[in-house]
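The structure appears right after this line, and notes come after that.
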Amino acid sequence: MPRILVTLAGISGFLAVLLAALSAHGAEEARVMTGQVATLLGWHAPAFLALAAWGRGGAAAALWALGLLLFGSAVLLRAHAGVSLGPIAPTGGIAMMLGWASLAVLAWRR
């Protein structure tokens, strides 16, 4: 599990930097939306590392990864291709929130 979490951290960090660079270009709305995805990825990269060090939180990590994939893909497609995936972005956001909630619950379990 720690190897998977460190891999997710590396991918999140890489994509955060890539998207932050891309957010400096293009139309204003696309820049803002791309920057928001970059920020979310940037916040989750160290969170994945923390779970790897802690040795727990697989469910939280899975929800974060799913949420980042759904949310990020939907927002980036809308920003750069004008394609709407309907409720995919909010579903991804909810998955990320559930991941954080599961982490809070896990902190109190033995």
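Grab the DSSP H runs of the chain that are 4 residues or longer, score each as -39,500 (n - 2.57), total them, divide by all residues and round the 222 nm result to the nearest 500 deg cm²/dmol. Write down the numbers at each step before the final one.
Values: 4 runs with 92 residues, N = 110.
Computed mean residue ellipticity for the chain: -29500 deg cm²/dmol.
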Review point. Angle, helix 2-22 long axis vs. longest principal axis of the chain, Cα atoms, 0 to 90°, nearest 10?
Key: 20
Revision key, fill the gap. By the Cα gyration tensor axes a ≥ b ≥ c (a/c under 1.5 gives rounded; else a/b larger than b/c gives prolate, otherwise oblate), the shape of the stretch 30-79 is oblate
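Using Cβ contacts closer than 10 Å as the measure, can you line up Arg110, Arg3, Arg31 from fewest to most? Numbers along the way, then the final one.
On the way: Arg110 2, Arg3 8, Arg31 15.
Listing Arg110, Arg3, Arg31 from fewest to most nearby Cβ atoms yields Arg110, Arg3, Arg31.
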Practice item. Excluding Ala79 itself, calculate the net charge of residues whose Cβ lies under 11 Å from the Cβ of Ala79, where each Lys or Arg counts +1 and each Asp or Glu counts -1. Key: 0
Practice item. Convert 37 °C to kelvin, take the viscosity as 0.692 mPa s, use the Kirkwood radius over C-alpha pairs of the stretch 1-56 as Rh, and evaluate the Stokes-Einstein diffusion coefficient in µm²/s, rounded to a whole number. Key: 285
Check your understanding: Which semi-axis lengths, in whole Å and largest first, follow from the square roots of five times the eigenvalues of the Cα gyration tensor of the chain?
Key -> 27, 15, 9
Practice item. Calculate how steeply helix 88-107 sits against the longest principal axis of the alpha-carbon atoms of the chain, using the helix alpha-carbon long axis, and give the answer as 0 to 90 degrees to the nearest 10. Key: 20
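Laboratory data are not the source of any read-out in this text; all were calculated from the coordinates shown. Not measured: the values here are computed from a predicted model. Every residue, glycine as well, gets a Cβ built from its backbone with ideal geometry; the counts of neighbours run over all protein chains shown.
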